[in-house]
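Chemist: Here it is, the structure in full.
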């Protein structure tokens, strides 16, 4: 027989016990990390304590410099004077017109500078094409020599002088007066000393030297005018040395020709030095 037990529940304790469960559930739900993470991130982004990233627009880069070929350059000696280029081009065109048509004559011309027999044969050769080529070469010489003379003056003495057509025309006129005046003096002295044939032969050799010199001075003038060099002084000095050598060879030729006539050495020295050496000294004085 069992005993019957009666249980009386404490309502206050039961109420408290029943209230603990939802409280624990609510507390657990608010502290769960899975449900609170998006909200916390949103609060952090909208917070006034948020620090914006630094905006840096400048970028630094390092680039290795590659070695490259740099050509030397210089300012043109006569900027804006294209008319001088046209004159030089005319001289080049004259040379091109005889380069292939009279190649044999050009070869004999340089040979006559050192061979007296070749010079005599050319003197006695009455050939029209030869005179035609000789005239063109003399024209080149009378065009190029004044330009070379001015370039030397500009490089050695008058560095700040502007080249104008009037100045070039003055130098051109002075050169013509010098060369043709010297020929007149030679012919006059030939009549005085009765050496017309020897004087004629010497003047022919003199013209051959000028014609040959025109072919040598043409590239010299072109290099001085257009070469990409800082200073073309050494080219001008080379041209002056060539001019001196040509005149020394011409003096030797003149002495050989005049000695055929049993010419007095005193008059020979006076004859050549007055007309050949003295002008060179004057040119040196003017240039330097």
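The values are calculated or read from the model by the stated rules, or taken from the named source; none is laboratory data. This structure is a prediction, so every number in the text was calculated from the model and none was measured. When we count neighbours, we look across all protein chains shown, and the Cβ atoms used for this are built from the backbone with ideal geometry, even at glycine.
Chemist: Within the range 101-147, restricting attention to residues that are over 34 Å from the mean Cα position of the chain (by Cα) and outside any helix (DSSP H, G or I), which residue is modelled with the lowest pLDDT?
Modeler: 126
Chemist: Could you pull out the residue among 202, 178 that is within 21 Å of residue 251 (Cα to Cα) and crowded, with 19+ Cβ neighbours inside 10 Å?
Modeler: 202
Chemist: Ok, one more. Taking residue 235 and the conditions (1) at pLDDT below 90; (2) surrounded by 12 or more Cβ atoms within 10 Å (Cβ to Cβ), which numbered condition does it fall short on, given that it satisfies the others?
Modeler: (1)
Chemist: Continuing with the same structure: Which number in (1) modelled with pLDDT of 85 or more; (2) in contact with a helix residue (DSSP H, G or I) (Cβ under 7 Å, 6 or more places away or on another chain); (3) surrounded by 14 or more Cβ atoms within 10 Å (Cβ to Cβ) marks the one condition that residue 189 misses?
Modeler: (1)
Chemist: Assess whether residue 173 counts as being assigned to a helix (DSSP H, G or I), loosely packed, with under 15 Cβ neighbours inside 10 Å and over 28 Å from the mean Cα position of the chain (by Cα).
Modeler: yes
Chemist: Name, by its number, the condition in (1) in contact (Cβ under 8 Å) with a residue 40 or more places away in the chain; (2) assigned to a loop (DSSP other than H, G, I, E, B) that does not hold for residue 194.
Modeler: Against the list (1) in contact (Cβ under 8 Å) with a residue 40 or more places away in the chain; (2) assigned to a loop (DSSP other than H, G, I, E, B), residue 194 comes up short only on (1).
Chemist: Quick one: count up the residues across the range 213-223 that are over 12 Å from residue 144 (Cα atoms) and in contact (Cβ under 8 Å) with a residue 40 or more places away in the chain.
Modeler: So the count comes out to 0.
Chemist: Also: Can you tell me how many residues in the range 224-249 are free of Cβ contacts under 8 Å to residues at least 40 places away in the same chain and outside any helix (DSSP H, G or I)?
Modeler: The qualifying residues number 1.
Chemist: Which residues, counting only those in the range 242-272, are out of contact with any helix residue (DSSP H, G or I) (no Cβ under 7 Å at 6 or more places or on another chain) and modelled with pLDDT under 75?
Modeler: Passing the criteria: 262, 263, 264, 265, 266, 267, 269, 270.
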